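Undergrad: Pasting a structure here, questions to come.
The values are calculated or read from the model by the stated rules, or taken from the named source; none is laboratory data. Source: prediction; values computed, not measured. Don't worry about glycine lacking a Cβ; one is built from the backbone with ideal geometry, like all the others, and counts go over all protein chains shown. Ligands, DNA and RNA are excluded from the accessible area calculation, which covers all protein heavy atoms including side chains. Shrake-Rupley method; radii C 1.70, N 1.55, O 1.52, S 1.80 Å.
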Amino acid sequence: MTSGPLYGVDVGGTCIKGALVDPATGHLTTKRHRIPTPQPSTPEAVAHTVEEIVRHFSWRGPIGVTVPGVVREGVVSTAANIDDAWIGTDAAQLLTSVTGCPARVLNDADAAGIAEMVYGAGAGRSGLVVMLTFGTGIGSAVFYKGELIPNTELGHLEFHGMAAERYAAARNVERDDMDLTVWSRRVGEYLRYLERVLTPDLFLFGGGISKRFSQFSRVLDVATPVLAAELRNNAGIVGAALAGGDTEPARGHRTGPKETG
Ligand code: BGC
């Protein structure tokens, strides 16, 4: 891994933010530069916003960029909470040509998971770790012995006749005023379902709402330990920066856990 700073950009449905990251600590070495996501959030419009963010810090090196969808070899193949025009777009190529910086593109939850496994609540944890990000949708990042299994999309499992993310995303509370306890019970049901089918050793609970974790963790009622993610809103930027600075192919990311038994 490089020892100088790395650059990560997190593309979300409402805003796009980027910062330089110190790979030794996972801390941001600059303030985040944040611009509202253009609407419609087409690949070209988003690429130009990413370029503006990159230019803000006069950055010229490699960049890592997250996208809220499935990304294989730089090509986006789903777009649940972003413009449909992303489907089939070679985002790595587009972002590289628009920004002039070699770009690696990965799923936003995978990026957040990488950051948590290296610097946050998942550091040193082996076994099967399932990171979930609760926001507009539900993103997932699954790690086995520290190795990312990318693009898992556990938020799209069918649950109560709908996509699980419709049933249990934080948007229900943040936008639609659902009572926190009602929502937490839904999340608990969903986690117990994941528990039955995956038998994880640990859940990491991410997304902006995780700052209220202590208010609802007791309602979740799951046997598997659940830890609040620690990097909060910076997890996507940090994970993207690490992926961008990685020289390995974009298929997976080893986080090198200590075996804790
Ligand atoms: C997308 C995922 C994404 C998640 C969180 C889901 O709707 O399908 O790829 O990780 O939202 O943004």
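Undergrad: What FRET efficiency would be calculated for the residue pair Leu128, Cys15, taking the C-beta separation as r and a Förster radius of 41 Å, to the nearest 0.05? Provide the component values of the computation, followed by the final result.
TA: On the way: r = 32 Å, r/R0 = 0.78.
Working from the Cβ atoms, E equals 0.80.
Undergrad: Here's a follow-up. Tabulate in residue order the Karplus-calculated ³J(HN,Hα) for region 22-36, using 6.51 cos²θ - 1.76 cosθ + 1.60 with θ = phi - 60°, rounded to whole Hz; enter x for Gly and Pro.
TA: 8, x, 6, 10, x, 7, 6, 9, 9, 5, 6, 9, 10, 10, x
Undergrad: Another question, if that's okay. Hey, got the dipole for region 123-230? About the Cα centre, +1 on K and R Cβ, -1 on D and E Cβ, debye to the nearest 20? All intermediate terms of the calculation are to be shown ahead of the outcome.
TA: Values: 12 positive and 13 negative charges, 36 e Å.
With only Lys, Arg, Asp and Glu charged at Cβ, the dipole is about 180 debye.
Undergrad: Taking the Cα atoms only, what angle lies between the long axis of helix 43-56 and the longest principal axis of the chain, rounded to 10 degrees?
TA: For 43-56 against the chain, the angle is about 70 degrees.
Undergrad: If R0 is 25 Å, what FRET efficiency do you get for Ala45 and Glu73 from their C-beta distance, rounded to 0.05?
TA: 0.60
Undergrad: Sticking with this one: Quick one: accessible surface of Tyr119, probe radius 1.4 Å, all protein chains present, in square angstrom to the nearest 10.
TA: Surface open to solvent at Tyr119 totals about 50 Å².
Undergrad: Taking 8 Å as the Cα distance limit and 6 or more residues as the minimum spacing, I'd like the relative contact order of the chain as a percentage.
TA: Working: 608 pairs, mean separation 61.6, N = 261.
Here the relative contact order equals 24 percent.
Undergrad: Another question, if that's okay. For a test of understanding, tell me how many lysine pairs in the chain have Cα atoms under 27 Å apart, given they are 8 or more places apart or on different chains.
TA: Numbers: Lys17/Lys31; Lys17/Lys211; Lys31/Lys211; Lys145/Lys211; Lys145/Lys258; Lys211/Lys258.
For the chain, the number of qualifying lysine pairs is 6.
Undergrad: Which order, highest average first, do 134-147, 221-234 follow once you tally other Cβ atoms within 10 Å for each residue and take the mean per peptide?
TA: 134-147, 221-234
Undergrad: Need the full-extension length gain, Arg218 to Ala85, defined as separation in residues times 0.36 nm minus the C-alpha distance. One decimal, nm.
TA: On the way: separation 133, 0.36 × 133 = 47.88 nm, distance 4.09 nm.
Extending this stretch completely gives an extra 43.8 nm.
Undergrad: Right, here's the next one. Report, in whole Å, the centroid distance computed from the Cα atoms of region 82-106 and region 142-200.
TA: If you average the Cα positions of each part, the centres end up 28 Å apart.
Undergrad: Got a number for carbon plus sulfur as a percent of the chain's accessible area, 1.4 Å probe?
TA: Numbers: 5640 of 11540 Å².
With neighbouring chains kept in place, the figure for the chain is 49 percent.
Undergrad: Here is a follow-up. May I ask you to derive the relative contact order of region 4-153, considering only C-alpha pairs under 8 Å and at least 6 residues apart, and to give it as an integer percent? All intermediate terms of the calculation are to be shown ahead of the outcome.
TA: On the way: 311 pairs, mean separation 27.5, N = 150.
The normalised contact order for region 4-153 reaches 18 percent.
Undergrad: Report, in deg cm²/dmol and to the nearest 500, the calculated mean residue ellipticity at 222 nm for the chain, where each DSSP H run with n ≥ 4 adds -39500 (n - 2.57) and the sum is divided by the residue count. Intermediate results must be reported in sequence, preceding the final value.
TA: Values: 8 runs with 82 residues, N = 261.
Counting only the DSSP helices, I get -9500 deg cm²/dmol.
Undergrad: Would you mind getting the accessible area per residue of region 6-110, heavy atoms of the protein chains only, 1.4 Å probe, in Å²?
TA: Details: 4480 Å² over 105 residues.
Value for region 6-110: 43 Å² per residue.
Undergrad: Which whole-number percentage describes the relative contact order of region 123-230, with Cα contacts under 8 Å and a sequence gap of 6 or more? Could you put the intermediate results ahead of the total?
TA: On the way: 178 pairs, mean separation 30.4, N = 108.
Contact order relative to length: 28 percent.
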